[in-house]
Amino acid sequence: MNRFILFTLIHYRTLLLSLLFATTLVLIRALITGSSFYGFLIWNLFLAALPYILTQTVFWYPFERIKNRTRLVLFLIWLVLIPNAPYIITDLIHLHNEYSFWKWFDLFIVFVFAFNGLILGILSLIDVFKFLSFHLKERWALIAVFGICMISGYGIYVGRFLRFNSWDIAIQPHVLSHEILLSLGHSKVWLMTFAFGLFFWMVFSVFRWVKE
């Protein structure tokens, strides 16, 4: 167990330091101002980390041993979770809240958390792209990732405007599906979906280009 913890700290040290930096900013703000208003960002960042934790767990586990049905279930769970990563960008809306009185510092805090959430999402998306590339041609794997980005864009809309959480798929599926059907007729839905989806796709493409 100690060896596993040590390996985790070494292998993910840069990412962990970035997450620690973001968390420290919120704690410092709470200590100085006496307000824990932005504490919710820590929870949002945890949710943003779940897709990457999932894909990395699968990545380190012998992929060939996982049954096809289990792979499908894991992928669907991941697909539900992945919008949580870029979702933190929309937390900029909280800068208009009365409790957000340190405007520039608060803006920096939200930016740091959004940056970390986006990085976690892209890293997880790259993992999934690798998995898809094992079974599909690169062109089809890229098309699949593009579709995932669009789904994530819509997921951000569902979270920010319809105010649903990832677990509502299991808790209140009928209410969620009803609200989703009603939302499809609004132009704002498609604008948000394509704007965030294309942004997610472009960041993924840049990371992939840099890696190559």
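I'd like the full set of residues that are farther than 21 Å from Leu76 by Cβ and either touching a Leu at 6+ places or on another chain (Cβ under 7 Å) or assigned to a helix (DSSP H, G or I) (or both), limited to region 128-145.
Passing the criteria: Glu138, Arg139.
Could you grab me the full set of residues in region 118-127 that are within 21 Å of Val26 (Cα to Cα) and either in a loop (DSSP other than H, G, I, E, B) or open to solvent by 20 Å² or more (accessible area, probe 1.4 Å) (or both)?
Residues satisfying the conditions are Leu118, Ile119.
So if I check each of Trp201, Trp209, Trp140, which one is within 15 Å of the chain's Cα centre (by Cα) and farther than 15 Å from Val80 by Cβ?
Step by step, each of Trp201, Trp209, Trp140 is checked, and only Trp201 is within 15 Å of the chain's Cα centre (by Cα) and farther than 15 Å from Val80 by Cβ.
Kindly provide the set of residues from region 1-41 that are closer than 20 Å to Leu123 by Cβ and in contact (Cβ under 8 Å) with a residue 60 or more places away in the chain, ordered by number.
Residues satisfying the conditions are Leu15, Ser18, Leu19, Phe21, Ala22, Leu41.
Condition check: part of a loop (DSSP other than H, G, I, E, B) and surrounded by 15 or more Cβ atoms within 10 Å (Cβ to Cβ). Does Phe164 satisfy that?
Answer is yes for this residue.
Looking at (1) open to solvent by 30 Å² or more (accessible area, probe 1.4 Å); (2) modelled with pLDDT of 90 or more; (3) of a type in the set (A, V, I, L, M, F, W, C); (4) more than 21 Å from Leu20 (Cβ to Cβ), find the lone condition where Leu50 falls short.
Only one criterion in (1) open to solvent by 30 Å² or more (accessible area, probe 1.4 Å); (2) modelled with pLDDT of 90 or more; (3) of a type in the set (A, V, I, L, M, F, W, C); (4) more than 21 Å from Leu20 (Cβ to Cβ) is unmet by Leu50, namely (4).
Does at least one position in region 146-159 carry a residue that is in contact with a Pro (Cβ under 9 Å, 6 or more places away or on another chain), touching a residue at least 12 places away in the same chain (Cβ under 8 Å), of a type outside the set (Phe, Trp, Tyr) and outside any helix (DSSP H, G or I)?
Looking for residues that are in contact with a Pro (Cβ under 9 Å, 6 or more places away or on another chain), touching a residue at least 12 places away in the same chain (Cβ under 8 Å), of a type outside the set (Phe, Trp, Tyr) and outside any helix (DSSP H, G or I), one finds none in region 146-159, hence no.
If you scan region 3-18, which residues turn out to be surrounded by 12 or more Cβ atoms within 10 Å (Cβ to Cβ) and among the β-branched types (Val, Ile, Thr)?
Of everything in region 3-18, just one residue is surrounded by 12 or more Cβ atoms within 10 Å (Cβ to Cβ) and among the β-branched types (Val, Ile, Thr), namely Thr8.
Please tell me if Tyr99 is hydroxyl-bearing (Ser, Thr, Tyr), modelled with pLDDT under 90, open to solvent by 30 Å² or more (accessible area, probe 1.4 Å) and farther than 21 Å from Arg163 by Cβ.
When the stated conditions are applied, Tyr99 does not pass them.
Here is a check on your reading of the model: is Lys130 closer than 23 Å to His11 by Cα, charged (D, E, K, R) and either open to solvent by 20 Å² or more (accessible area, probe 1.4 Å) or at pLDDT 95 or above (or both)?
Yes.
Within region 170-204, which residues are surrounded by 15 or more Cβ atoms within 10 Å (Cβ to Cβ) and among the β-branched types (Val, Ile, Thr)?
Ile180, Val189, Thr193, Val203
His135 - would you say it is out of contact with any helix residue (DSSP H, G or I) (no Cβ under 7 Å at 6 or more places or on another chain) and modelled with pLDDT under 90?
yes
The values are calculated or read from the model by the stated rules, or taken from the named source; none is laboratory data. This one's a predicted model, so the numbers in the text were calculated from it and none came from an experiment. Neighbour counts run over all protein chains shown; Cβ positions are idealised from the backbone, glycine included. Ligands, DNA and RNA are stripped out before the accessible areas are found, and what is left, the full protein with its side chains, is counted by its heavy atoms. Shrake-Rupley method; radii C 1.70, N 1.55, O 1.52, S 1.80 Å.
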